[in-house]
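Below is one structure, written out as structure tokens, with a few remarks after it.
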Amino acid sequence: MSQNYSNNPVLHFFPNGPYVWFADWYMQNLNAMFTAPLDYELWRQLDRHSTVASRLYEFLLLRFYRTPLLHISYKTLAQFLPVRPEKFLSHARKQLDAAFDLVGRHRIMERITWVSAKNGVATLHIHRGERLTPPLGRVYAAPALLDDDRTGDLRVKELHGLKPTEWSIVADFYRLWAGDERYRPTPREIAQARELIRLHGEAKAKALIPLAVRNMQTKWRDAKTFGAVARYIPEATAEFEKQQRHIELRRAKQLQRQRETEEAERKRYAREQFEATWEQEGFERHLQEVGERHLPTLECRFLPPSPS
């Protein structure tokens, strides 16, 4: 009997113990460390009051794990929540304000700003709260297993997972350099890639390969193997760092514009609130003044008693 394990994690029991099959996309998320520690008791507490708030906690947990500020359209956010998208800003706020207030009171987020959008209902600027702000140098430990005798037999094994990063770095080189999609790295090339990772880290090492290949295509077209890439890594590193500086500069400018937009929105809202309050108070004073000028005057006259 065949069993399809392509879509969801499946737990299957065999005589020598249980095994779990994960879909490829699931393993890619795990191997990419796209995970974060969820406070289950907090989630249950939120879920008892609002399923929107508990789902919002799940969504913000991953987004806030590495960044303190999230910019997202209401339409996009609604796709991740158990709600139906609204067409008007007032309805959208009424729909989500209670959930945002709840996660705010639990310090999941610090504050949120709604900014009207021309091409949509609104853009939300959500600031990370204290609960999801990891202290400097903090390392999250894996949660302890349940106190159960059966947990001692638990084993986790990747049966058909992804290749290690050093393998993919070498494979990327041959794919970009020679168009070879099925190259199998040699032990020496794996060792060279592992040294590259040691010097630069996984993410940067992978990013350096396309830059180095581009330089090799103009300066050394006769190169044959992955080992040739080493002489172009310093040049690729300088180019990569230059790109990163430009990216950081663009991000800083974008963040400044966003802050200015938020500040303008805050001032506009405060001005509207002030004008509304001022108009109400002025109207009440006007009524009071008009009322005092037009109070009816009652004149009482006593008639003499009629002769009996």
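Bear in mind these aren't lab numbers, they're just calculated from the coordinates by the rules spelled out. What you see is a predicted model, and the numbers here were worked out from it, not measured in a lab. With ideal geometry, Cβ positions are generated from the backbone for all residues, glycine too; neighbour counts draw on all protein chains shown.
Computed FRET efficiency, Cβ-Cβ of ARG188 and GLU241, R0 30 Å: what is it to the nearest 0.05?
Here the calculated transfer efficiency is 0.60.
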Listed by chain and number, the lysines with an alpha carbon less than 20 angstrom from that of LYS75, same-chain partners under 8 positions apart left out, are LYS87, LYS94, LYS118
Amide H neighbours of SER73 at under 5 Å, excluding residues fewer than 5 places away on the same chain, with H built from the backbone geometry, are LEU124
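What ranking do SER54, SER116, SER168 get, fewest neighbouring Cβ atoms within 10 angstrom at the top?
Values: SER54 21, SER116 11, SER168 17.
Fewest-to-most ranking of SER54, SER116, SER168: SER116, SER168, SER54.
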Fewest-first ordering of VAL103, VAL213 by Cβ atoms within 10 Å yields VAL213, VAL103
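What list do you get for GLU239, GLU260 if you sort them by fewest beta carbons within 10 Å?
On the way: GLU239 15, GLU260 10.
Going from least to most buried by this count: GLU260, GLU239.
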Amide H contacts under 5 Å for ALA117, restricted to residues at least 5 apart in sequence or on another chain and with H modeled in the peptide plane, are ALA122, THR123
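Give me the net charge for the shell around ARG268: Cβ to Cβ below 14 angstrom, other residues only, Lys and Arg +1, Asp and Glu -1. Intermediate results must be reported in sequence, preceding the final value.
On the way: positive: ARG266, LYS267, ARG271; negative: GLU260, GLU262, GLU263, GLU265, GLU272, GLU275.
That works out to -3.
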For THR261 and LYS87, calculate 0.36 nm times their separation in residues minus their Cα-Cα distance, and state this gained length in nm to one decimal. 60.4 nm
Calculated FRET efficiency for the pair PHE80/ALA270, C-beta based, R₀ 35 Å, to 0.05: 0.70
Can you tell me how much longer the chain between LEU199 and ASP47 gets when fully stretched, taken as 0.36 nm per residue apart minus their C-alpha distance, in nm with one decimal? 50.2 nm
